[in-house]
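Only one structure is covered here, and it is reproduced in the block below.
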Amino acid sequence: METKEQRVVAPKKPTLTPKAIIHQKFGKNAYYVVEEVKQVCQTGCPGLSIPQTGPCLYRCTLQLPELTVVSETFKKKKDAEQSAAEMAIEKLGIIPETTDLTPQEAQESLVARIAYLFSEKFLISDHPLSGHIRATLRRKGDHCGSIPISVISVCDPKIFSLCKCINPEVESNPFLVLPYVVRATTMLHEFLAISEQHSWIRKLNPYPQDIIESLMEEGGSQECIRVEAIRIPSSMEKHVEAVTLCMSLREYYLDIIANELGLEDDANVLISRNIGKASSETRLFFAAPQSYLLDQSFISGNGKETVHFEGSLNVRARYLSGQDIVGDAILACIGYTRKSRDLFYEDVTVRLYFRMLLGKTPGGIYKLSREALLTAELPSRFTTRVNWRGSLPRDILCMFCRQHRLSEPLFSIISHPLKIPTESSESCFKAADSGNDMIECANGASVNGSPNLSDSEMFKCEMKLLSKCGDVILLCSPKDCYKKQNDAIQNASLKLLSWLNKYFNSVTTPFDQLYETAGNFSIHISSKNLFREILAGQSIQNCQIYAMQCNKSLEPMCENSSLDMLVNGVYNLKIEGPDSGICPANGSLPCISYSVSLVVENENMKEVIEVCNEFEFEIGVGAVISYVEEVVMQMSVGQDAYFNTNLLTSDLIFASAGDSAKILSLLSSKACCVEYEISLTKVAEPPEERMEQALFSPPLSKQRVEFAVQHILESRATNLLDFGCGSGSLLESLLNYSTSLEKIAGVDISQKGLTRAAKVLNLKLDAGVTSKHTKSLILYEGSITNFDSRLHGFDIGTCLEVIEHMEEDQARLFGDVALSVFCPKILIVSTPNFEYNVVLQKSSPPTQDQEESDDQNLLQSCKFRNNDHKFEWTREQFIQWASELAARHNYSVEFSGVGGSADVEPGFASQIAVFKREWSHEDNVKKDTDIDNHYNVIWEWNSNK
Ligand code: SAH
Ligand code: MG
């Protein structure tokens, strides 16, 4: 098979559209409402103005948490949206990523910006930073009007962008903004005062008295607001703990945080960038190290500044923020908002902290999206979109990149092998708008440009993870091909996510080993960039070591449980309720309700940590923690299961549970364990195809086709008839191979199947795909138990997964008709091996020590794979039928199959017989002159027309 790949050029630095910028910042919190605006035209007749509706125009209202803008009217909805986004960016002072100011120009703009921040106009504006200035102006004495420099550096995005133009390092180390602000401020010494230690800035001349007076009135009530925050000690020995910040609206909140950190001066508080959602105000606050305050050298730098804090690195805070943070830190969500002048705050709980940690790993993002931290797992395989629950792999990958401040991932679609690559079909695109299925090409061309082509092409997807500066961190190029671009993208994304998940959970796996596994995932790593950009390794290990310390109490308690350990890691398993016989099987979608609790045995203590009333997942792809799946596989609908485990890590427990203090005390009890209660409420049956996809790779249907193609190639046949061609999967595939086939025909009894087959073949032929020998293609309608003399004596016949759809006597009749009157040189017949259903439909394959009769019972309880199947044969039945048939008509027969193996019980999943004619065609008594046509031609194609 020849493969033509499209080259993907090195990614250009992508320019983000205004909408993309808004999306990065606000995600789902940005609402676009587009309304039609009827244009009213005046007729040319004076005095008689009859309103007429002109072309429709659109106006877009963009609602953000902080402001709302309304665009002008546009002819296209798209333009109205982009315009609204642009207006919002302007108002918010967000400079698009690609500002092309020179460092010198940026330096000048920075000075101007700082001057503006201390203007009267700014003070009464809706900027969050003006909220800080107003609050400090209400303070008494020395501190009145002094703004900590760290506040200026984090509250104004424009300052950040300008500093980034001066020094791109700012992106990875935002504390570098501080020296630039200091330097710019010193240039404004006639207007601004700066503290000796460079920790605050103040306007020299006071603001007008009337403004100050109105500010005093504006100040809120004395009432105390209790804001929940958490303290992250720098010592790993100490637990993360909840703290309550008690603040009145009259006070400046940073003073209260400074207090909590044991500081007298709020100006010595340093503030991290936003953590978590881009639109939140969750930040880490910590005391500026003494060395930093004394060190003046950083202001005299020459564009090569670094800010390095001395002190004990706070590993957990660093992992959360990606910034170097020293000493104890307070994590709080508090700030001034635009629009409203009130203090905005949200509680940050221990639970939220652990959720934030969890949300940095691919598996964690998936668990959070499913709201099932203690049950869901990132599946190892993507079968179909219909079966996928939770955020889709591509979206998880985008979220992951945002979490780690990487560029949006770059996906390249490679068509394979049917489309000839051209310059314009370059399909490098960004998934900037992950909520949207439409794929935007970086070069503006549409990937789905040719609807005729897209159906018959196969696609591969290659991905790149890039740092914000465009350095390649990872390249993932899986070999698998898909019919749909989206499948290629989702599967490739999942592959990359699975490896990244390993990387994050590799507490015990040495990196060398991980590095090796990357090869199996078709991933190339730049280790230097990986370590720099995606902080996993060391710091998360430490977080987990901490987690494990809490877990000492969860040592295995097997001596307690005399009961059977049917499932790994599970003890005291009880399944209650009558067996309804409706059981989950591989590929099916069971729906459970469950609750998970911490219990202290003997003490009657129980704390529910996670409850879920409706949780559906696909069996066989690792979508849940393995022991949950194993237990569910033993249940039938209507039953309840109870069991205990000791396998949870405490970070998961804290992330799901409410009251952290209570959990901590429970966990420290020796006899504490985790108890699951699961009820199986329903099971969605697996359609045969889905099951075949879920269990076999490549899918069983594809393996059958490949088996047939192999024989066709070897036989050097020139004509072929596909008995029961259905929607033409084999015929279509044949066109991809350069076989020696000149005439290809298919016959089926189903109009519906034939119509689909004709459509598929048309698309392929339109795209110019035929193997070079093919002269004609033809589809017949008819029953394969009937003969058609036009097809007598052809070279090869195929009959894949058809006979079981006929009554058994009809199937037998087909065999005789095929070998006695059609007389192909070779006939390939496949049908399900009923014995294999034990594997497909039961939780575990029969073990060796099980009694023979057990096997029989197990087999008897199996269902057919498809409702339309009239029978499914065991190997013995199939061999008997085929051997007798071959003997009757002087054919030889060999047995084979696909899925599984002949030597391993219970044999192949699909069993196949290959019949070969032992006599030459001339011996045949049947004469070509006997016209006996039972088939109707319903579609035909000839190469020479
Ligand atoms: N061979 C195809 C389709 C298998 S499904 C594949 O491998 O994908 C079974 C097909 O057999 C259906 O399309 C059904 O319409 C067809 N079929 C069932 N009984 C038939 C009969 N008596 N004559 C012709 N086709 C029949
Ligand atoms: Mg079938």
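For this structure, a couple of remarks:
- Protein accessible area in segment 318-365, 1.4 Å probe - carbon and sulfur %: 46
- Accessible area of segment 80-185 belonging to carbon and sulfur atoms, whole % at 1.4 Å probe: 54
- Accessible surface of residue 144 - all protein chains present, 1.4 Å probe, nearest 10 Å²: 50
- With all pairs of different C-alpha atoms in the average, the Kirkwood value for the hydrodynamic radius of segment 103-348 is 18.3 Å.
- Efficiency of FRET between residue 920 and residue 879 - r from beta-carbon atoms, R0 25 angstrom, step 0.05: 0.40
- Sorted peptide list for 703-710, 607-614, 715-722, criterion being average Cβ within 10 angstrom, highest first: 715-722, 703-710, 607-614
- Length gained when the stretch residue 890-residue 740 is fully extended (0.36 nm per residue, less Cα-Cα span): 51.4 nm
- Per residue, in Å², the accessible surface of segment 669-738 once ligands and nucleic acids are set aside, probe 1.4 Å: 39
- Candidates per trypsin sites (Lys or Arg not before Pro) in segment 167-268, loop by DSSP, up to 16 other Cβ within 10 Å: 238, 250
- Using 0.36 nm per residue and subtracting the Cα-Cα separation, the extra length available between residue 405 and residue 816 on full extension is 141.2 nm.
- Computed over segment 194-283, the range of Cα coordinates on each principal axis works out to 52, 35, 29 Å, biggest value leading.
- Neighbourhood net charge (10 Å Cβ-Cβ; Lys/Arg +1, Asp/Glu -1) for residue 199: -3
- Solvent-accessible area assigned to carbon and sulfur over segment 715-774 amounts to 45 percent, based on a 1.4 Å probe.
- Applying 0.36 nm per residue to the separation of residue 662 and residue 682 and subtracting their alpha-carbon distance, the gain on full extension is 3.7 nm.
- Take the Cα of residue 193, step 7 Å toward its Cβ, do the same at residue 866, and the gap between the two points is 8.6 nm.
- Modelled label positions at residue 56 and residue 216, each set 7 Å beyond Cα in the direction of Cβ, lie 5.8 nm from each other.
- Take segment 147-216 with all the other protein chains still there, run a 1.4 Å probe, and you get 38 Å² of accessible area per residue.
- Debye intensity ratio in log₁₀ form over the Cα atoms of segment 554-686, taken at each q of 0.17 Å⁻¹: -0.92
- Judged by the mean number of other Cβ atoms found within 10 Å, the most tightly packed of the peptides 513-521, 329-337, 184-192 leads the ranking 329-337, 184-192, 513-521.
- With the whole protein complex present, residue 918 retains an accessible surface near 110 Å², based on a 1.4 Å probe.
- The tail of the calculated P(r) for segment 763-904 beyond 19 Å holds 62 percent of all Cα-Cα pairs.
The values are calculated or read from the model by the stated rules, or taken from the named source; none is laboratory data. All figures in this text were calculated on a predicted structure; none of them were measured in a lab. Note: ideal-geometry Cβ built from the backbone for every residue, glycine included; neighbour counts use all protein chains shown. The protein model used for the area step is the full one, side chains on, heavy atoms only, and it has no ligands, DNA or RNA in it. Shrake-Rupley method; radii C 1.70, N 1.55, O 1.52, S 1.80 Å.
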